[in-house]
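The following block contains the structure, expressed as structure tokens.
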Amino acid sequence: MTESAGNKNEDCHAANGVKPGRNGMVKNHHHHHQYQKQEKVYHAACNGELYSRPFIESFEETPMLLAVLTYMSYGILTIFGYLRDFMREWKIEKCHIAREREEQKDFVPLYQDFENFYTRNIYMRIRDSWNRPICSVPGATFDLVECSSNDYNWTFEYTGRVVKDVINLGSYNYLGFAENTGACATAAGEVTVKFGVGVASTRQEMGNLDRHEELEKLAASFLGVESAMVFGMGFATNSMNIPALVGKGCLILSDELNHASLVLGARLTGSTIRVFKHNNMQSLEKLLRDAIVHGQPRTHRPWKKILILVEGIYSMEGSIIRLPEVIALKKKYKAYLYLDEAHSIGALGLNGRGVVEYFGLDPKDVDVMMGTFTKSFSAAGGYIGGRKDLIDYLRTHSHSAIYATSMPLPVVEQIITSMKCIMGKDGTTIGLSRIQRLAENTVYFRRRLQEMGFIIYGNNDSPVIPMMLYMPAKLGAFGREMLKRNIGVVGVGFPATPIIESRARFCISAAHTKEMLDRALDVISEVGDLLQLKYSRHKVLPSLDRPFDETTYEENEE
């Protein structure tokens, strides 16, 4: 398990007289109170005024034997895949559905050659772990429509059976607002009856309603910025607004693990794009320094703008951006910062105001605050917040604002009601209690998984919890075995992750009760033993008499 702060953190440990183990964590078998004291010194010495709280992220290195076996698995799958392609070509293979049809051969392939090969011969074999239709609210539990396939998962048929009360560990329902009862559902229903579902126009024509204006004012107040603008689609909020902010002659510095919407938006700008290592401030500063020193290629003129693109919580890694350090570098080199808070808004901070509040920072230090309403607010769409002149500029230059249909009023009302609940403007403390429950559930679930011996990625406070599976066969088997025990999980593999880093991704919700989490953890442990998934080489000592957010690590030398 390695600290994400890298060499800098190791130097700080040494300066404090604390020698980190191979896992990057402090090696401590018996002296927990001493560890607590040393941890406080470490943060004071390393981060100075930048961090007001411990920042602990862990990414345990893949065991060598496991890495070799994973490569061997893909090698065997590749050999048999080419063998099946050969048999299809000579019509020996019984299932012909994977073969290219005659009428398709004159068209350009939709996929690259390897992606096409991977889809035919690997993904299709485990596709039943995805594409499962549900038939209820995706809350803490849901109902699942059972499917079967007679052609190796190329097509599915409904059996007519519904699997009831499956515990949902896959939806981004962080604060539990995915409900069909309660204040949000009631308000959305009333607005639907009064205004209908669709708006049938753009914001600049006949689609600007008073509820849209109210939502934008409420969002600006929630974020602590001068002004905000909302959009009907979260993906388009990135892909259509970044091109309005930068263009030719500008430089974009993008984290290597940024979401596809950020990558697409950056490519559409025509700007020069350079990628820095994930959450690595040394890599980012080197790119910033080189950009200032050398300027644009060939002409060496200064860049018109330098824009840094980062996310609050990275949805595949469960890591949190080192925002205080990013802001410090942004100020030092006079760059602009674009922060995507799709997964962090509502899920982090004492009042759910995201990663900026989590670190106790000033929202004015972030030039463009972007986020979505699809996760914590259980709705749809996205927003951009910032200075008033920035938002006024986007209202006239953003393609998403000019050409896209306005956000439907039931969705607007869902967001307004849930946001008021989070802010306490509904006169209750329900929102605050949900934020606290999410934080408690997150730390509890993470700690229990580590105690069981699984390799878990990410930050201690991130509700996105990746559990490493590595092998493609185990990716499919894990989802199937969990569903047999009425637990719904999401498996993630290539191309969403590196090809040898398949994982299960758990998303924790405030709607989960402790009984649900304990039931899910028992099943995960059982399936982990069945499939031999407890890969961690670092034993975590169970906690009995200390706060739930403190964990002692013990190196396993075997």
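The values are calculated or read from the model by the stated rules, or taken from the named source; none is laboratory data. This one's a predicted model, so the numbers in the text were calculated from it and none came from an experiment. Methodologically, a virtual Cβ is constructed for each residue, glycine included, from the backbone with ideal geometry; neighbour enumeration extends over all protein chains shown. All accessible areas refer to the heavy atoms of the entire protein, side chains included, with ligands and DNA or RNA removed. Shrake-Rupley method; radii C 1.70, N 1.55, O 1.52, S 1.80 Å.
So which of VAL355, VAL326, VAL293 is touching a helix residue (DSSP H, G or I) at 6+ places or on another chain (Cβ under 6 Å) and either among the aliphatic types (A, V, I, L, M) or in the same structural domain as THR417 (by the TED database) (or both)? Explain how you work it out, then say what you get.
Numbers: VAL326 fails: touching a helix residue (DSSP H, G or I) at 6+ places or on another chain (Cβ under 6 Å); VAL293 fails: touching a helix residue (DSSP H, G or I) at 6+ places or on another chain (Cβ under 6 Å).
Exactly one residue qualifies, and that residue is VAL355.
Select from region 345-404 the residues that are outside any loop (DSSP other than H, G, I, E, B), among the small types (Gly, Ala, Ser) and touching a Leu at 6+ places or on another chain (Cβ under 7 Å) and list them in ascending order.
Taking region 345-404 and keeping what is outside any loop (DSSP other than H, G, I, E, B), we get 355-358, 363-365, 368-372, 382-386, 388-397, 399-403.
Narrowing the set further to residues that are among the small types (Gly, Ala, Ser) leaves 371, 382, 385-386, 400-401.
Selection gives GLY385, ALA401.
Of everything in region 378-390 that's buried (at least 22 other Cβ atoms within 10 Å of the Cβ) and of a type in the set (A, V, I, L, M), which residue is farthest from ALA183 (Cα to Cα)?
The residue in question is ILE384.
A further question on this structure: So, in region 447-460, how many residues would count as being open to solvent by 10 Å² or more (accessible area, probe 1.4 Å) and touching a strand residue (DSSP E or B) at 6+ places or on another chain (Cβ under 7 Å)? Lay out the reasoning, then the answer.
Narrowing region 447-460 to residues open to solvent by 10 Å² or more (accessible area, probe 1.4 Å): 447-448, 450-453, 457, 460.
Within this subset, residues satisfying the condition of being touching a strand residue (DSSP E or B) at 6+ places or on another chain (Cβ under 7 Å) are 450-451, 457.
Residues meeting the conditions: 3.
Could you figure out which of (1) closer than 30 Å to PRO466 by Cα; (2) surrounded by fewer than 22 Cβ atoms within 10 Å (Cβ to Cβ); (3) modelled with pLDDT of 95 or more isn't true of SER227?
It fails just one condition, (1).
Pairs only if they're at least six apart or on different chains, beta carbon under 9 angstrom, first in region 524-535 and without any contact (Cβ under 8 Å) to a residue 12 or more places away in the chain, second outside any loop (DSSP other than H, G, I, E, B); list them, first residue then second.
GLN532/LYS474
Then there's this: Filter region 259-283 for residues that are of a type in the set (A, V, I, L, M) and within 18 Å of the chain's Cα centre (by Cα); which is least open to solvent (accessible area, probe 1.4 Å)?
In the first step, residues of region 259-283 are kept if they are of a type in the set (A, V, I, L, M); the result is 260, 262-264, 266, 268, 273, 275, 281.
Of the ones still in play, those that are also within 18 Å of the chain's Cα centre (by Cα) are 260, 262-264.
Working: ALA260: 61, LEU262: 0, VAL263: 48, LEU264: 71 Å².
Looking at residues that are of a type in the set (A, V, I, L, M) and within 18 Å of the chain's Cα centre (by Cα), I get LEU262.
While we're looking at this one, here's another question. Against the condition within 25 Å of the chain's Cα centre (by Cα), on the phi < 0 side of the Ramachandran plot and surrounded by fewer than 18 Cβ atoms within 10 Å (Cβ to Cβ), how does GLU256 come out, does it pass? Show your work before the answer.
Values: within 25 Å of the chain's Cα centre (by Cα): yes; on the phi < 0 side of the Ramachandran plot: yes; surrounded by fewer than 18 Cβ atoms within 10 Å (Cβ to Cβ): yes.
Judged against the criteria, GLU256 is a match.
Can I ask one more? Taking region 408-446 as the search range and keeping residues that are open to solvent by less than 20 Å² (accessible area, probe 1.4 Å) and among the hydroxyl-bearing types (Ser, Thr, Tyr), which one is nearest to the chain's Cα centre (by Cα)?
THR442
Residues of region 105-137 being over 24 Å from MET471 (Cβ atoms) and either open to solvent by 50 Å² or more (accessible area, probe 1.4 Å) or in contact with a Cys (Cβ under 6 Å, 6 or more places away or on another chain) (or both), which ones? Full working, then the answer.
The initial filter retains those residues of region 105-137 that are over 24 Å from MET471 (Cβ atoms), namely 105-110, 133-137.
Result: LYS105, ASP106, PHE107, VAL108, PRO109, LEU110, ILE134, CYS135.
Suppose the filter is over 23 Å from ASP85 (Cβ atoms) and not assigned by the TED database to the domain that holds ASN486; does ALA140 pass it? First the steps, then the outcome.
On the way: over 23 Å from ASP85 (Cβ atoms): yes; not assigned by the TED database to the domain that holds ASN486: no.
The answer is no for ALA140.
Tally time: how many residues in region 363-377 are surrounded by fewer than 24 Cβ atoms within 10 Å (Cβ to Cβ) and either touching a residue at least 40 places away in the same chain (Cβ under 8 Å) or of a type in the set (Lys, Arg) (or both)?
Taking region 363-377 as the starting set, the residues that turn out to be surrounded by fewer than 24 Cβ atoms within 10 Å (Cβ to Cβ) are 363-365, 367-368, 374.
Now drop any that are not either touching a residue at least 40 places away in the same chain (Cβ under 8 Å) or of a type in the set (Lys, Arg) (or both), which leaves 363-364, 368, 374.
The qualifying residues number 4.
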